[in-house]
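Undergrad: Please see the structure below; I have some questions.
Derivation of every value follows stated rules applied to the coordinates shown; laboratory data play no part. Just so you know, these numbers come straight off a predicted model, no measurement behind them. No Cβ is skipped: glycine too gets one built from the backbone with ideal geometry, and neighbour counts run over all protein chains shown.
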Amino acid sequence: MQAHVLEGGFDNHAVDSSHAFRAVMTAMARPGQIATLQGALPPAPLSKAAGVVLLTLCDPETPIYLAPSHDSQQLRDWITFHTGAPFVTAEAAIFAVGTWQDLPVSAFAIGTAEYPDRSATLIVECESLSNTGAVLRGPGIKDQTALSLPKTDAFQSNAALFPLGLDFIFTCSDRLAALPRTTRVG
Amino acid sequence: MSDYNFAYLDEQTKRMIRRAILKGLAIPGYQVPFASREMPMPYGWGTGGVQVSAAILTPDDTFKVIDQGADDTTNAVSIRRFFQKTAGVAVTEATTEASVIQTRHRIPEQDLRDDQILVYQVPIPEPLRFLEPSEVETRKMHSLEEYGLMHVKLYEDISQHGDIATAYAYPVKVEGRYVMDPSPIPKFDNPKLEMAGIQLFGAGREQRIYAIPPYTQVVSLDFDDYPFQPTKADHACDLCGAEDSYLDELIVDDAGGRMFMCSDTDYCTSRRKNGHVGAQGVPFKEDAA
Ligand SMILES: [Zn+2]
């Protein structure tokens, strides 16, 4: 294990993660709203925002799938040291991290009729993130908003699965936005 | 503060609750199971709400707790002090100053802003429980959107009482999908469930968390010939004169004298500070507060 694997975590885990969670929660409650996060310095190619999300939500109870874009030994070591989360196939993952191109979206758990919450949350690393592009409507959104989604039809199909479906967090550098299954992508 | 975990709960428990909250927000009105922890207070004191608050509070928050609209009951004071001590939050009794409000049985009269969060203490999260005691069955009913029995029960009210008698915990349908128990708020509060703030619901004993994101459609169940009506006592507040607030009725003397006053004490006090005086009220003085 390289020494820098030990670095880049939260300085004060309880307080840093409380701020980070509020940002993530607000993002999930208000689809399309972009938040800036602080506190983690993960090894490349993981973005700061994606690192903060993993530190805040993941532990030995949450198996993670790393897409080929993010599956390096260095990143595995960092996640293992800071969260203890095991690495699994897409089918078994609670969280997944990767670029849109590299995430096998149709392989993840979408929940069951009686437990729609047993579904994966995908952290999609993006080159840009802005309130332009696809029009979003639905819970959490007053009237409508817009977000630079990597695609539109995949998110339309996902919303059609409601109450089943995947939930997405888009990350770019130190910023993120979320798209739960309830959001209607126009 | 250093003798405690931040906000009392350990980090792994908070992560588990935080993940449940996110799924709750993604599936509005659906009850997410979570592993409720023992809290240093009895279940009747809102341990579900307390655990949700513990998972969302940051040291920058200003926290308010209301119990049936009042900030000064033993329950409300205890929970406020608990987070003041364990999370280092500022506390307030003013709705407009709070960033997080934990509530038992009321929604504040003052409309919440989009930077405010309302956390409900929930005793029985399952709206179908009194129709069907089995959790396996109610879960199946939700999955199949089998809500006919709920309508039958409300309609029986009408045939027996000439009106829908359910006055508290009046069931709602969220975003056209899940029927949800809004906790024992008076049905007067139901229209306020569509709001700008985030609403989170925690049931400790029953181990359920659910949520309503801002601007989510929340419809009280009703019938074409008996539309939902958010009723309240047909009276004005005797202290502040408000005609738009939910009222508590108080017996004030042995002769059976009655008085109506706002159940939301901060709303009433704010109005009195602004010079409003009800039929039995006296002008507000800072010392008298
Ligand atoms: Zn009043």
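Undergrad: Taking +1 at the Cβ of each Lys and Arg and -1 at the Cβ of each Asp and Glu, which of A:Ile110, B:Gln229, A:Leu66 sits farthest along the dipole of the protein assembly as shown towards its positive end, judged by Cα position relative to the Cα centre?
TA: Result: A:Leu66.
Undergrad: Subtract the Cα-Cα distance of B:Asp60 and B:Glu145 from 0.36 nm times their separation in residues, and report this length gain in nm to one decimal. Numbers along the way, then the final one.
TA: Values: separation 85, 0.36 × 85 = 30.60 nm, distance 4.07 nm.
Extending this stretch completely gives an extra 26.5 nm.
Undergrad: Right, here's the next one. Please report the antiparallel percentage of DSSP beta bridges with both residues in the protein assembly as shown, rounded to the nearest 5. All intermediate terms of the calculation are to be shown ahead of the outcome.
TA: Numbers: 33 of 63 bridges.
Looking only at bridges with both residues in the protein assembly as shown, the antiparallel portion is about 50 percent.
Undergrad: GNM, chain B, Cα, under 10 Å: largest mean-square fluctuation among B:Tyr120, B:Tyr210, B:Tyr168?
TA: Residue with maximal mean-square fluctuation among B:Tyr120, B:Tyr210, B:Tyr168: B:Tyr168.
Undergrad: By how many nm would the segment from B:Ala165 to B:Asp72 lengthen if fully extended, with 0.36 nm per residue of separation less the alpha-carbon distance? It would help to have the intermediate numbers written out before the result.
TA: Numbers: separation 93, 0.36 × 93 = 33.48 nm, distance 3.01 nm.
So the extension gain works out to 30.5 nm.
Undergrad: Which whole-number percentage describes the relative contact order of the stretch B:232-283, with Cα contacts under 8 Å and a sequence gap of 6 or more? Spell out each step's value before the answer.
TA: On the way: 90 pairs, mean separation 22.0, N = 52.
Averaging sequence separation for qualifying contacts and normalising by length gives 42 percent for the stretch B:232-283.
Undergrad: For the residue pair A:Lys151 and B:Leu131, what label-to-label distance in nm results when each label sits 7 Å from Cα along the Cα-to-beta-carbon direction?
TA: The two pseudo-label positions are separated by 3.9 nm.
Undergrad: Which percentage, to the nearest 5, of the DSSP beta bridges contained in the stretch A:3-185 is antiparallel? All intermediate terms of the calculation are to be shown ahead of the outcome.
TA: Working: 13 of 27 bridges.
Counting only bridges with both partners in the stretch A:3-185, antiparallel ones make up about 50 percent.
Undergrad: Can you tell me the relative contact order of chain A? Whole percent, Cα pairs under 8 Å, sequence separation 6 or more. Show your work: numbers first, answer last.
TA: Working: 403 pairs, mean separation 44.3, N = 186.
After rounding, I find 24 percent.
Undergrad: Identify the residues of the stretch B:157-177 with backbone N under 11 Å of a label point that sits 7 angstrom from the Cα of B:Arg258 along the Cα-to-Cβ direction, or state none.
TA: Residues passing the 11 Å test: none.
Undergrad: Here is a follow-up. Please compute the contact order of the stretch B:26-95 in relative form: average sequence separation of alpha-carbon pairs under 8 Å and at least six residues apart, divided by the residue count, as a percent. Don't skip to the end; give the middle numbers.
TA: On the way: 55 pairs, mean separation 20.5, N = 70.
Across the stretch B:26-95, relative contact order equals 29 percent.
Undergrad: Pick from B:Val277, B:Val122, B:Val174: which is most flexible by mean-square fluctuation in a GNM of chain B where alpha carbon atoms under 10 Å apart are linked?
TA: Most flexible of the set in this elastic network: B:Val277.
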